[in-house]
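Heads up: the structure comes next, in structure tokens.
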Amino acid sequence: MEALWNRGGNQRRTGRHNSCNGHHNDVTITLSSEDDDNSIWGYIKSNLSRHYQPLRDDVRYKERCGRVSTVVQTPVEFEKFYLYGSTLCLNALLDIFTFQPIRALVALFYILIRPSCIIHGIRQRLTGSQICDVVKIFVFVLCCCIVRHFDLSVMYHLVRGKAIFNLLVLQSITDLVDGLISGLGADIWDSLCWKLTQPPERRSAYFGVWLHLLLAMVYILSHTVVILLQITALTVALNSHDKLVFTIVLSSNLVEIKTNMYRRIDRNYLFYIACLDIKERFHHSLLLFIVSMKIMTDVSWNPDYLLVILPDALWILCFEIVADWVKLAFVAKFNKISFHEYHQYRLTLATDMTSCRQKLAATDYTDVVSRRIGLNILPMGCVLVLAFSESFNISGIVGLGFLTLIFLGLFVVHIVTGTILRRYETWLLSTTKADDIIEIYPDTDSQMIPPLEKLRPQINKDE
């Protein structure tokens, strides 16, 4: 940069300035003789009489405004995505208690009235979906019967005697194991369903059907134990006098924010993170519901204790919500990802749900939710069955009537949520151009981290 200095009068300097868009703008800087005054009075006078125009470089400051808009709009768009995803999780969880048992009973009734099914082979008379429904309900009922023999009070007293440090370690370990075992369980169940529906010559590789069935049961029981440990740790933290639950939740959320804040992330990986956040918040909401029900059972459903539990549960959910907002907003800002991507994420889930509801679908609705969002339905269903059986005395005609009312209530809620979801998905896909539904992230799986070689081209494109 060249400059011409005249000591006696006005001083003038010309040169070039690089703007943020890469273009060169001619800049002329005029220096007056007052700028040579390096005294204290001159410094004070120059600071009192400063005049500048911050929006001189429009491109640069428009980019800054876009980053602020990303930080502000990302929480709003994520909450829309979460509302849709959590409704999918709820609908899939209700399906294991309503329609899947009915479909399994219909398949079993068809076998009983058609003895030729046993002679000629059940697999030749039933469809693949019916076989999967029967096996799924069979495994689910068997695991629920085994889980009912678990004593949660023994687990509670074992965890209660530990110090705060051990409680924090237990919470971290259970969260880690929950994430690890979820991916393995999804693969085990998909492999079992594939073997059940394939001819014998095509399913002879790897493990047999019976071994896969045993692995599925072991997985469901193991995952159920992990969730019960999470519930026990959360119950101990809520019952503590110094409110350890806030320390646990705050520390885990801070670690989560720090882990994802300064990582290089593209749109596919952000979709992966957002789906896991849906699963995590929905999972924690169910845990808080079960813990609250367990505590109310211990105090004989005294309504006064509800005013003690409810504020703590709301504070925990608020911590989770704020942590998700901060993490996703700044991840989008640092990686230059627009908040409009969450609309594409909703299109992706809507496309998946619409395709799996077709007459010839590749997989079940609940399995798609498990793969995309990461919520495994069967272990959580076993935990809910155990919690309800311990909280309510279900026996005799009164218990049977109570179960009937619960089933009808769940059935109605499932029909309502399913109808709303279908109408929303139809509206979302019908109001979107076909060109906007091209990138449906087919390789993005909540049980599998996207490979880096697929992320780098998009990162370079964004840069």
Task: Full-stretch length increase - ARG160, GLU79 - with 0.36 nm per residue and alpha-carbon distance subtracted - done: 25.6 nm
- [ ] For the stretch 375-390, take each phi angle, set θ = phi - 60°, evaluate the Karplus expression 6.51 cos²θ - 1.76 cosθ + 1.60, and give the result in whole Hz per residue in order, putting x for glycine and proline.
- [x] 8, 8, 7, 4, x, 5, x, 4, 5, 5, 5, 5, 5, 5, 5, 7
Open item on the list: Students often check this: by mean Cβ neighbours within 10 Å, which of 142-152, 85-95 ranks highest, and how do the rest follow?
Closed with: 85-95, 142-152
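Quick one: net charge of VAL76's neighbours, Cβ under 14 Å, K/R +1, D/E -1?
Details: positive: LYS80, ARG346; negative: GLU77, GLU79, ASP324, GLU341.
Here the charged neighbours net out to -2.
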- [ ] Please give the contour-minus-distance gain from LYS62 to ASP187: 0.36 nm per residue of separation, less the Cα-Cα distance, rounded to one decimal in nm.
- [x] 40.4 nm
Task: Exceeding the 25 Å Cα-Cα cut-off - candidates LYS80/LYS333; LYS258/LYS279; LYS136/LYS294; LYS62/LYS258; LYS195/LYS359 - done: LYS136/LYS294; LYS62/LYS258
TODO: Using θ = phi - 60° and the Karplus relation 6.51 cos²θ - 1.76 cosθ + 1.60, list the HN-Hα couplings for the stretch 211-218 in order, rounded to whole Hz, with x at every Gly or Pro.
DONE: 5, 5, 5, 5, 4, 5, 5, 4
- [ ] Leaving ligands, DNA and RNA out of it, report the carbon-plus-sulfur percent of the accessible area of the stretch 199-354 at a 1.4 Å probe.
- [x] 70
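Leaving ligands and nucleic acids out of the surface, order HIS223, HIS343 by accessible area at 1.4 Å, largest first. Don't skip to the answer; put the middle values down first.
Values: HIS223 5, HIS343 70 Å².
Ranked list, largest accessible area first: HIS343, HIS223.
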- [ ] Starting from the Cα of ARG423, step 7 Å along the direction of its Cβ; do the same at CYS145; then give the gap between the two resulting points in nm.
- [x] 4.2
TODO: Treating only the Cβ atoms of Lys and Arg (+1) and Asp and Glu (-1) as charged, compute the dipole magnitude of the stretch 264-324 about its Cα centre; round to the nearest 20 debye.
DONE: 240
TODO: Would you kindly calculate the mean projected area, averaged across all directions, of the convex hull enclosing the Cα atoms of the stretch 251-317, in square nanometres?
DONE: 5.2
Open item on the list: Can you find, among THR235, VAL326, TYR262, the residue sitting farthest towards the positive end of the charge dipole of the stretch 230-345, where Lys and Arg contribute +1 and Asp and Glu -1 at Cβ?
Closed with: TYR262
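If you rank GLU320, GLU341 by how much accessible surface each has, with a 1.4 Å probe, what is the order from largest down?
Descending order: GLU341, GLU320.
The values are calculated or read from the model by the stated rules, or taken from the named source; none is laboratory data. Predicted model only: the values in this text are computed from it and were never measured. A quick note on method: Cβ atoms are made from the backbone with ideal geometry, for glycine too, and the neighbour counts reach across all protein chains shown. Surface areas here come from the heavy atoms of the whole protein model, side chains and all, with no ligands, DNA or RNA. Shrake-Rupley method; radii C 1.70, N 1.55, O 1.52, S 1.80 Å.
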